[in-house]
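Structure first, commentary second.
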Amino acid sequence: MTIEKIFTPQDDAFYAVITHAAGPQGALPLTPQMLMESPSGNLFGMTQNAGMGWDANKLTGKEVLIIGTQGGIRAGDGRPIALGYHTGHWEIGMQMQAAAKEITRNGGIPFAAFVSDPCDGRSQGTHGMFDSLPYRNDAAIVFRRLIRSLPTRRAVIGVATCDKGLPATMIALAAMHDLPTILVPGGATLPPTVGEDAGKVQTCILNPSDAADEKRGYHIVTHRPHTQHKTPTQHTYNTYNTRQHHPNANKTN
């Protein structure tokens, strides 16, 4: 069997693969002392920094790591390229960008690392809700490993939201006893001029008696988690009601 029989024939342009490109300009600011005393990883890291496009003449600035729980891929004009799990972590990258620009303006080198977070509202009524609370400790461990994996960082800034990503980031920063740290509670998207605020939605109530609801399928009601409703078809979206809503919540492994 020949390769032509396995793959559909392609024209010559298909095989015109670009295998090389112009590299960064300049030279690493190495000194005899750095070559003799610095860990090899520090020198390797400088090559990676230049390879990602950082000015080779500015590679000796103080490095600051920004960690965040960004989720989804957001275009510059706000359009979603890929959705995140919830609106809370959707625009955290914008805050991280602002911090990075300020670090650069002051002669530093910003780094960014991410551990996205789940949405317990999205996983309600499924086994996925059992991952919400354990996520905090798991993410904190990963964040700490990411912080330690950049040995040249001088400080760490954490940007996170919600009741899972924010505690995870806080736990990680609290473990950095010898580093200056900053915790920035991230903001959600702007509330709508007309319509429900996705940051306040707690309950979906089926109300087929309303003609409009019959077309929509459900009516979204905003209220606090402790508010009581007599409607038997309500679903309350919050962590503390997890045991109440999952059919296997009272079972143990």
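Bear in mind that the values in this text are calculations on the coordinates, not laboratory data. Since this is a predicted model, take the numbers as computed values, not measurements. Quick reminder, even Gly has a Cβ in these numbers, built from the backbone with ideal geometry, and neighbours come from all protein chains shown.
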Being touching a strand residue (DSSP E or B) at 6+ places or on another chain (Cβ under 9 Å) and basic (Lys, Arg), is that true of even one residue in the range 68-79?
yes
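Does any residue of the range 143-152 turn out to be in contact (Cβ under 8 Å) with a residue 60 or more places away in the chain, part of a helix (DSSP H, G or I), over 19 Å from Leu179 (Cα atoms) and in contact with a Ser or Thr (Cβ under 9 Å, 6 or more places away or on another chain)?
No, the range 143-152 contains no residue that is in contact (Cβ under 8 Å) with a residue 60 or more places away in the chain, part of a helix (DSSP H, G or I), over 19 Å from Leu179 (Cα atoms) and in contact with a Ser or Thr (Cβ under 9 Å, 6 or more places away or on another chain).
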Just checking, how many residues over the range 50-87 are acidic (Asp, Glu) and either buried (at least 16 other Cβ atoms within 10 Å of the Cβ) or touching a residue at least 12 places away in the same chain (Cβ under 8 Å) (or both)?
2
Which one of these is in contact with a strand residue (DSSP E or B) (Cβ under 6 Å, 6 or more places away or on another chain) and small (Gly, Ala, Ser): Ala21, Ala100, Ala13?
Ala100
Return yes when Pro110 is more than 21 Å from Gly61 (Cβ to Cβ) and either out of contact with any Lys or Arg (no Cβ under 6 Å at 6 or more places or on another chain) or assigned to a strand (DSSP E or B) (or both) and no when it is not.
no
